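Presented below is the structure to which this report refers.
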Amino acid sequence: MCIDEFELDDPGNTTLISRMLSALVERGVSVVATSNTSPEQLGEDRFVAQDFLCGINTLAKIFTTVLIDGPDYRHRDLLPAPQPLWDEQVAARATRVQGATVDDFEALCAHLATIHPSRYLTLISGVTTVLLTGVHGLDDQNVALGLVSLTDRLYEAGIK
């Protein structure tokens with residue numbers, strides 16, 4: 001079994017993954033995973049990892065860590081980021097795209113907190129493009145994870 005970009009982002013996933021991987025390894029399944037985080041540091045700075053050290057330590061024992069170091073090619077030849085658009089410019093662009101929606105970032109974050117990520121597909125039915133106004137950085141990890149889940153659903157649905 002191969003797992004790409006292995007990370008733990010919440011205690012529930014830690015428990016489930018720890019049990020699943022332990023059962024697979026006990027049955028002789030070979031597991032290979034890539035991650036930017038060493039096994040013993042999984043969950044660090046994401047949740048109260050010390051409450052789940054047993055599960056994290058179980059995972060760390062399953063894996064043999066092989067450090068592959070070198071240049072990070074993800075950032076090569078990147079163009080500078082464009083200047084952000086004003087909210088009025090975003091709204092004007094939306095009028096030119098059929099199926100586009102313009103949403104306030106704060107309102108979207110608040111709404112996402114009220115529904116389970118499995119329901120996000122109902123939010124984007126009939127939408128071709130999502131434009132956001134008032135976008136800012138986030139301090140709340142749960143809100144950020146909700147946005148990541150929504151972004152994944154948008155990507156999977158081919159929505160810009």
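The values are calculated or read from the model by the stated rules, or taken from the named source; none is laboratory data. Since we're looking at a predicted model, the values are computed, not measured. Counting neighbours? That spans all protein chains shown, and the Cβs are built from the backbone with ideal geometry, glycine included.
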Only one of V130, V102 that is farther than 22 Å from D9 by Cβ, over 18 Å from the mean Cα position of the chain (by Cα) and outside the structural domain of L8 (by TED's automatic domain parsing): V102
Selection within segment 103-129 - out of contact with any strand residue (DSSP E or B) (no Cβ under 6 Å at 6 or more places or on another chain) and of a type in the set (A, V, I, L, M): A107, L108, A110, L112, A113, I115, L121, L123, I124
Inter-residue pairs, beta-carbon under 6 Å, first under 11 Å from L132 (Cα atoms) and in segment 78-94, second surrounded by 12 or more Cβ atoms within 10 Å (Cβ to Cβ) and of a type in the set (A, V, I, L, M, F, W, C), 6+ apart: V90/L131; A91/V102; A94/A100; A94/V102; A94/L131
Conditions (1) part of a helix (DSSP H, G or I); (2) modelled with pLDDT of 75 or more; (3) over 27 Å from I159 (Cβ atoms): number failed by E40: (2)
Residue satisfying condition, being in contact with a strand residue (DSSP E or B) (Cβ under 9 Å, 6 or more places away or on another chain), surrounded by 12 or more Cβ atoms within 10 Å (Cβ to Cβ) and either on the phi < 0 side of the Ramachandran plot or among the basic types (K, R) (or both), within set L138, L150: L150
So E88, is it closer than 21 Å to V148 by Cβ, of a type in the set (D, E) and assigned to a helix (DSSP H, G or I): no
Top-ranked residue in segment 57-88 [being basic (K, R) and surrounded by fewer than 10 Cβ atoms within 10 Å (Cβ to Cβ); ranked as farthest from P11 (Cα to Cα)]: R76
Condition check for V97: touching a Gly at 6+ places or on another chain (Cβ under 9 Å) and either part of a loop (DSSP other than H, G, I, E, B) or surrounded by 16 or more Cβ atoms within 10 Å (Cβ to Cβ) (or both): no
